[in-house]
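*Asks:* Take this structure first; my questions come after.
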Amino acid sequence: MCGIVCYIGPREAAPILLEGLKRLEYRGYDSAGLAVADGENTCLVKEVGKVSRLEEKAREAGPRGTMGIAHTRWATHGKPSVANAHPQTGENDKIFLVHNGIIENYLVLKEELKKEGHTFKSETDTEVLVHLIEEYYEGDLAAAVKKVLGVVRGTFGIALFHRDSPDRIVLARRGSPLILGIGKGEFLAASDVNALIRHTNQVIHLKDNELAVLNRHDYAISDFQDRLVVRETETVEWGADAADKKGYEHFMLKEIFEQPDAVENALRGRLLEGEGVSRLGGLEGVLDRLKSMERIHFVSCGSSYYAGLLARYVFEKITGFSVEVEYASEFRYRNLRLDEKTAVLAISQSGETADTLAAIREAKRKGALCLGLVNVVGSTIAKETEAGVYNHAGPEIGVASTKVFLSQCVVLTLMALLVGRYQRLSLTEGLFITRALKKLSGQLRRVLESAPRIEEIARRYARYDNYLYIGRLYNFPIAMEGALKLKEISYIHAEGYAAGEMKHGPISLIDPEFPTVAVVPRDSTYDKMINNIQEIKAREGKVVAVAVEEDEEIAGHVDEVIPVPRSIDILQPLINTIPLQLFAYYVARERGCDIDKPRNLAKSVTVE
Ligand code: AGP
């Protein structure tokens, strides 16, 4: 959830580190810091708040040197403060270390170190790590790190250097991503490709229990047993401009508008139109096994969970699988039947979500076929699953997921289509779906044209502090996702509900100050949705409806209508998603919220 950037080479390190931190700020932004070494002196600068504040402080401190490490923090142990910010230093300020993750046994270790006379300056688990390394250090930093990592429990991606050897950065990973950037005559490292891509597109992903040493002229990777690791560099396929705002006020808005492209990218080369089926290269190796499965479980968190919830309806409609959807954080507590007849699909934008990763490891242990649907190429979930599919949606920087959520829904539909065509789905039905998929991006572009109308509604509705979102069938997960978007970025309390559940509790909340957003497509649930709306209106609740353009009746029942193009039932929720994203965005903007960096949230949740 925090971010790491490191640099060693011929250039001044501080500007590169600060620029890299800014690109990682979406991962955590309650404090930041850097340490830069020039061979003789090391300058440490830390500040609470955003990277821009660190930048100001660094301007005054003027760190000079061509090697350094930097960090942006999302607090886990200890409140955001200068003392708790990274880099953390040890007893004699010789070792400088940044850390992503959690050291689970840090309290026990801290007590032991205190008994030996160590004093601590921060409340962090990270500082314990530095003190321990100091204890084990006998002139070889990498050797000390290896020893310490045998003692600590938990997850980490760390980068550190010792004042006495300022030409060497040591990195190690277990459970928290670290990527080396191999530049021309220089080396970088970061927890996210975004921080490297301006300088090089040649990267190496460290694996768990690996350590790397970056020198001025080369680098070496080894495992914790000192065996040398030789790994080819990978080329990142997108350029630095993909992670820029391109004139949009926020990344979230840019990413909402990128959705037609994200859908096209998700479909590219994957539709066999004449056969009414999809082709997913990443699943080819396991296709025979997959076809013969009885069950599929979707495991994921947040928006990725809602994508799974929608996919459950789609898979049940067009495949023969029995489908379970579970929050990854709950998966391991259930006693599920996970055997060779079970496939488990991890759905994750980042591919690094700790709970989802833990769920996959549990499923693997029990013998299930583990698959991944991931946006970030080379991420841990991508590497730890047997097979899978990439979204190819490009980097998503806004903390609130938009384009990747939609892309997940598309790819999950493609998966259902693939399996379904080997099971119960006829050619005609397959063709029906492939044709509708082909039209989707054009329809999404049309929805985006109604942004000014949605903005105008949102401005009038931004004053309410509570919201109910309702939908049925395919649009129930979309109501949940719409509510999540609103609460994430505007801090408004919003509940997503299956409309049928309204009378079983939430209707008691309805009054003139408690509006409802209703997703009302012209499908088999339409009449029941209208009944729900009338029940709300009878209690003087305001209703904003997302409905298809052909629906002339809806305006007579609700206060506001956002019309959208019509698709087939299983794809209609994808179209309906965009107005809900835009509504949340414009409400949050009207309320002056920090949309791309909402409070308390981080883009990638790498702790359980
Ligand atoms: C979505 O808007 C959220 N920021 C969050 O719920 C996210 O979807 C969740 O943390 C899962 O992340 P992942 O897809 O990277 O695994």
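The values are calculated or read from the model by the stated rules, or taken from the named source; none is laboratory data. As the structure is a prediction and not an experimental result, all values here were calculated from the model. Glycine also receives a Cβ, built like all others from the backbone with ideal geometry; neighbour counts cover every protein chain displayed. Ligands, DNA and RNA are stripped out before the accessible areas are found, and what is left, the full protein with its side chains, is counted by its heavy atoms. Shrake-Rupley method; radii C 1.70, N 1.55, O 1.52, S 1.80 Å.
*Asks:* Once phi is turned into ³J(HN,Hα) by the Karplus curve 6.51 cos²θ - 1.76 cosθ + 1.60 with θ = phi - 60°, what whole-Hz value does each residue of region 502-508 show in order, with x for glycine and proline?
*Replies:* So the Karplus estimates, Gly and Pro as x, are 3, 6, 8, x, x, 4, 5 Hz.
*Asks:* Calculate, for region 1-149, the solvent-accessible area per residue in square angstrom, rolling a 1.4 angstrom probe over the heavy atoms of the protein chains.
*Replies:* Accessible area per residue: 37 Å².
*Asks:* Express the carbon and sulfur contribution to the solvent-accessible surface of the chain as a percent, rounded to the nearest whole number, probe 1.4 angstrom. Show your work: numbers first, answer last.
*Replies:* Values: 10610 of 22680 Å².
C and S atoms contribute 47 percent here.
*Asks:* Moving on to the next point. With +1 on each Lys and Arg Cβ and -1 on each Asp and Glu Cβ, and nothing else charged, work out how big the dipole of region 2-242 is about its Cα centre, in Debye to the nearest 20.
*Replies:* Computed charge dipole of region 2-242: roughly 340 debye.
*Asks:* Given an 8 Å cut-off on Cα distances and at least 6 residues of separation, report the relative contact order of region 245-449 as a percent.
*Replies:* Working: 377 pairs, mean separation 64.4, N = 205.
Computed value for region 245-449: 31 percent relative contact order.
*Asks:* Still on this structure: What residue among S300, S401, T155 has its Cα farthest toward the positive end of the dipole of the chain, where the charges are +1 on Lys, Arg and -1 on Asp, Glu, each on the Cβ?
*Replies:* Farthest towards the positive end: S300.
*Asks:* For region 10-92, which GluC sites (Glu not before Pro) are in a loop by DSSP, counting at most 15 other Cβ atoms within 10 Å?
*Replies:* Passing both the DSSP loop test and the Cβ count: E40.
*Asks:* Let me ask you something else. Can you give the alpha-carbon Rg of region 450-594 over 2.2 N^0.38 Å, where N counts its residues?
*Replies:* So the Cα radius of gyration is 0.93 times the expected 2.2 N^0.38 Å.
*Asks:* Once phi is turned into ³J(HN,Hα) by the Karplus curve 6.51 cos²θ - 1.76 cosθ + 1.60 with θ = phi - 60°, what whole-Hz value does each residue of region 65-80 show in order, with x for glycine and proline?
*Replies:* So the Karplus estimates, Gly and Pro as x, are x, 10, 8, x, 10, 8, 8, 10, 10, 10, 4, 10, 10, x, 5, x Hz.
*Asks:* About the Cα centre, and with charges only on the beta carbon of Lys, Arg (+1) and Asp, Glu (-1), how big is the dipole of the chain? Nearest 20 debye, please.
*Replies:* For this selection, approximately 520 debye.
*Asks:* Right, another one. How many Å³ per residue does the convex hull of the Cα positions in the chain occupy? Don't skip to the end; give the middle numbers.
*Replies:* On the way: hull volume 93.8 nm³, N = 608.
Spelled out: Cα convex hull of the chain, divided by residues, is 154 Å³.
*Asks:* Could you work out how far the C-alpha centroid of region 383-405 sits from that of region 200-220, in angstrom?
*Replies:* 24
*Asks:* Which Cα, out of A14, L44, L440, lies furthest along the positive dipole direction of the chain (beta carbon charges, K/R +1, D/E -1)?
*Replies:* L440
*Asks:* Using +1 at the Cβ of each Lys and Arg and -1 at the Cβ of each Asp and Glu in region 2-242, identify which of L107, H71, I179 lies farthest towards the dipole's positive end.
*Replies:* The residue sitting most towards the positive pole is H71.
*Asks:* Anything over 18 Å Cα to Cα? Flag those among K317/K364; K403/K485; K110/K207; K245/K438; K246/K603, in the order listed.
*Replies:* Result: K317/K364; K110/K207; K245/K438; K246/K603 exceed 18 Å.
*Asks:* Can you run phi through the Karplus equation (6.51, -1.76, 1.60; θ = phi - 60°) for region 334-351 and list ³J(HN,Hα) in whole Hz, with x for Gly and Pro?
*Replies:* 8, 9, 8, 7, 10, 9, 5, 9, 10, 10, 10, 10, 8, 10, 7, 4, 6, x
*Asks:* Looking at the square roots a ≥ b ≥ c of the eigenvalues of the Cα gyration tensor of region 245-449, which shape do they give, rounded for a/c under 1.5, prolate if a/b is larger than b/c, or oblate?
*Replies:* Values: a/c = 1.97, a/b = 1.17, b/c = 1.69.
It comes out oblate by the Cα gyration axes.
*Asks:* Shifting gears a bit: Whole number in Å², please: accessible area per residue of region 450-594, 1.4 Å probe, ligands, DNA and RNA not counted.
*Replies:* On a per-residue basis, region 450-594 sits at 35 Å².
*Asks:* Return the ratio Rg/(2.2 N^0.38 Å) for region 1-81, where Rg is computed over Cα atoms only.
*Replies:* 1.01
*Asks:* Only helices at least 20 Å long along their axis, Cα-based, and averaging 0.0 or more on Kyte-Doolittle count here, so list those DSSP H runs from the chain.
*Replies:* Sorted by number, the helices that extend far enough and score high enough are 302-318, 403-422, 427-449, 476-490, 572-590.
*Asks:* Pairs of Cα atoms under 8 Å, at least six residues apart: use those to get the relative contact order of the chain, whole percent. Walk me through the numbers before you get to the answer.
*Replies:* Details: 1383 pairs, mean separation 71.1, N = 608.
Value for the chain: 12 percent.
*Asks:* With a 10 Å radius around each residue's Cβ, average the other Cβ atoms per peptide and rank 576-582, 374-380, highest first.
*Replies:* 576-582, 374-380
*Asks:* Still on this structure, please answer the following. Distance check, please: which entries in K57/K121; K22/K439; K184/K383 exceed 32 angstrom between their Cα atoms?
*Replies:* Where the Cα-Cα span goes over 32 Å, the pairs concerned are K22/K439.
*Asks:* What ranking, highest mean first, results for peptides 210-217, 408-415, 547-554, 81-88 when packing means the other Cβ atoms within 10 Å averaged over each residue?
*Replies:* Per-residue Cβ counts within 10 Å, averaged per peptide and sorted highest first, yield 408-415, 81-88, 210-217, 547-554.
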